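Below you'll find the structure, written out as C-alpha cells, and then a few comments.
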Amino acid sequence: MSAVVKIEDIHKIYESGEVPVHAVRGVSLEIHQQEFVALMGASGSGKSTLMNLLGCLDRPTRGSYLLDGVDISRLDKNELADIRNKKLGFVFQGFNLLARTTAVENVELPCLYGKQRMSAKAMRERAMHCLEIVGLSNRADHMPNQLSGGQQQRVAIARALVNEPQLLLADEPTGNLDSKTSIEVMGVFQKLNDQGITIVMVTHELDVAHYCKRYLILRDGVVVRDEATLDRSIANVELAKLKQAETAAKLLGAGSTAA
Amino acid sequence: MTRKLNTVLFPALTGAVVLALWYGLHFFLSEDRRFLLPTPGAVLAALRDNAPFLARAAWNTSQGALLGFALAVFVSFTLALLLSLSPIVRASLYPYLMALQLTPLPILAPICVIWVGAGINSVALLTFAIAFFPLVVNTTQGLISTDRNLVELFRLYRASRWQQLFLLRVPSALPYFFTGLRIAATLAPIGAVVADMNAGSSAGDGGGLGFQAIIYSSQAKYPALYATAATTCLLGFVFNAVIVIVARYSLQNWHDSYERPDK
C-alpha cells in the first residue's frame, strides 16, 4: 500500500516568543491508505502542532513531509492552500457551520473556492451525495440551528468529504458531543474508513480512540507509543448495546411502577 | 390564549391608569392654570381639527427623515466595509466620525442651511448626521466580530477576500446592523423634527412637525401642541415598527435571538 503521509524526523520550533518553543522534536511517521489513526496526548504534548503540520497549515522547521507523494516543505503559502483544498478534509470540534445557510449549502462551501469551479448542478449533486454518505440527505434543506449537535457534526463531515480528499483530519470531533452522539459520529467515521478513506483524528478521550485502528501517544513533542488498537470498538455494536440497555431500563422502570 | 390576552390587557390597564392620572391632574389644577395640561379629550379634538395641517407636516417630516435615514444606511454600510479592513483605518477615522456625532444638531443646522438652503435638503442632511453614527459603529463591530473559527475555515478552504467578506462577514454582521438600524430609526424622526425647527422652511407648504410646533406654541394653541407631540410619537412608532418587521423577516431563519416556532 502507498503511504498517504510520510513524515521523516520532523521538527517544529516556534520562534515568536522570547524563548523558542520546540513543540515537535523529531517525529517520523507513515500513514497508509485506509488507516484510521488516533492522535493522543496531554495538552502541550505537541499533538495540535503535529495536526497543523499534517493539515498543511504550518510548515515544519526541519524534516520532510510527503503528502500523497508531494513534498510539502518546499511549497509556498498559495501552493499549500491549494493542497489543502484538494487533498485534505477538515472536521472541527465546534462544527463551524455557517448559520444562515442550509445543510447542503454548507457542504458545498469548499467547492466555491479553489481554482477549478464546477457547475452549480454538479456541485449540488456532489454535496447531496456526501450528505447521503453521512445519512442526512433528508435534512439537506435544514438550517444548522434546526439540527442536533450530532447532525451538525455529520454535516461538517460531509463538507470535509466534498472535495474527495486523500486524508480526513478531525480535531476532537466528539469534544462537544454527549457520549451516545459521539458513538454515532464515530460510526460515521468507521463507515467512511471502511469505504477506503484515510482518517487521522486528535482526541483526548480513550474510549473514542478505541474506535480507531491505530493510536499514537505524544509526549513532549515525540511519539512515545504507536500501536494497533486491541479489541477495537465497533460503533454499530456499541449502539445496539446501548439500545438494549435503554429498553431494559424502560422495562424495569415500567415493571417497578406497575408493582 | 391567556398569554395573548395578558399582552393586551396589561398595557391597556397601564393606559387607563395614565389617563385617569391625567384627568385627575387636570382637575387638580386651579382653573386658570388648566391650560398647562389640556385633557385627552381636548387633545383629541385638536388632533381632529388640525388633522390636515398635522398630516401635511408629518408627511413633510417623514420625507426628510426617510431621505436622511436612507442616506445614512447607504453611507454607513459602505464606510463600515472600509472600517472593517484594519485597526489602523478605524483608529484614523473614528475620532472624526465621533466629532460629527458630538456636534449638536442646532449648531450643525445653520451650517447646513448655508450649504444646501433651508428646507427638506437641510432636514435630510441633519437626519443623516444623527442617524449615521450608531449605524456605522454597530455595522463595523459586526463585521469585525465574525466567529474566528469560521474565518479560519474560509482561509483553510482558500476563500478569496471578497468571498470572505460577502459570504461570511456581511451576513454575520446583520444582527449588529439591525441593532444599529433600530437605534437610527428612533433617532431619525426626532432628528428630522429638531432639524425642521432649526433649518426647516415653510415655503410652499413645506413645513414639518417641528415648524408646526413652533407655530402652535407662538399662538398658545396648547392642545394642538400636544397633538403635534402625539403625531411625532406615532411617526417614530411607524419607523421603528417597519425596521422591527424587516429585521425579523431577514433574521428569523437563522439567528438565535429569534426563536423559531418549531423549535
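The values are calculated or read from the model by the stated rules, or taken from the named source; none is laboratory data. Small disclaimer: the values here were computed from a predicted structure and weren't measured. Cβ placement follows ideal geometry from the backbone for every residue including glycine, while neighbour counts extend to all protein chains displayed. In case anyone asks, the SASA skips ligands and DNA or RNA and just uses the protein heavy atoms, side chains included. Shrake-Rupley method; radii C 1.70, N 1.55, O 1.52, S 1.80 Å.
Odds and ends about this structure:
- Entries in A:Lys47/A:Lys191; A:Lys6/A:Lys213; A:Lys87/A:Lys213; A:Lys47/A:Lys121 that, when Cα-Cα distance is taken, lie over 30 Å: A:Lys47/A:Lys121
- In Hz, Karplus ³J(HN,Hα) per residue of the range A:178-187 (6.51, -1.76, 1.60; θ = phi - 60°; x = Gly, Pro): 6, 5, 5, 5, 4, 5, 4, 5, 4, x
- Residues whose amide H falls under 5 Å from that of A:Ala170, counting only those 5 or more places apart or on a different chain, are A:Val91, A:Val200, A:Met201, A:Val202, with hydrogens built in the peptide plane.
- Whole-Å distance, taken between Cα centres, linking the range A:152-174 and the range B:31-49: 71 Å
- The stretch between A:Ser16 and A:Ser73, if pulled fully straight at 0.36 nm per residue, gains 18.6 nm over its current Cα-Cα span.
- Mean sequence separation of contacting Cα pairs (under 8 Å, at least six apart), scaled by the length of the range A:160-259, corresponds to a relative contact order of 25 percent.
- Each residue, B:Arg155 and B:Ala20, gets one label point 7 Å from its Cα in the Cβ direction; the gap between the two is 6.4 nm.
- Label zone at B:Val116 (point 7 Å along Cα-to-Cβ), backbone N below 16 Å, the range B:125-159: B:125-133
- Between the range B:51-108 and the range A:29-94, the C-alpha centres lie 49 angstrom from each other.
- Solvent-accessible area buried by pairing A with B, both sides, nearest 100 square angstrom, 1.4 angstrom probe: 2000 Å²
- 1.4 Å probe accessible area per residue over the protein assembly as shown, in Å²: 52 Å²
- Average beta-carbon neighbours from other chains, 10 Å sphere, peptide A:98-108: 3
- Of the chymotrypsin sites (Phe, Trp or Tyr not before Pro) found in the range B:154-263, those in coil by DSSP whose Cβ has at most 16 other Cβ atoms within 10 Å are B:Tyr258.
- Heavy-atom accessible area for A:Lys47, with the other protein chains in place and a 1.4 Å probe, reaches approximately 20 Å².
- When DSSP beta bridges are restricted to pairs lying wholly in the protein assembly as shown, around 55% turn out antiparallel.
- Taking every alpha-carbon pair under 8 Å whose residues sit at least 6 apart, chain B reaches a relative contact order of 25 percent.
- 3J(HN,Hα) along the range A:38-44, derived from phi through the Karplus expression 6.51 cos²θ - 1.76 cosθ + 1.60 where θ = phi - 60°, amounts to 9, 10, 10, x, 5, 5, x Hz, with x in place of Gly and Pro.
- Listed residues A:Glu15, A:Glu227 arranged by accessible area, highest first, probe 1.4 Å: A:Glu15, A:Glu227
- Here the Karplus curve 6.51 cos²θ - 1.76 cosθ + 1.60, taken at θ = phi - 60°, turns the phi angles of the range B:24-32 into couplings of x, 4, 4, 7, 6, 5, 5, 4, 6 Hz, with x standing for Gly and Pro.
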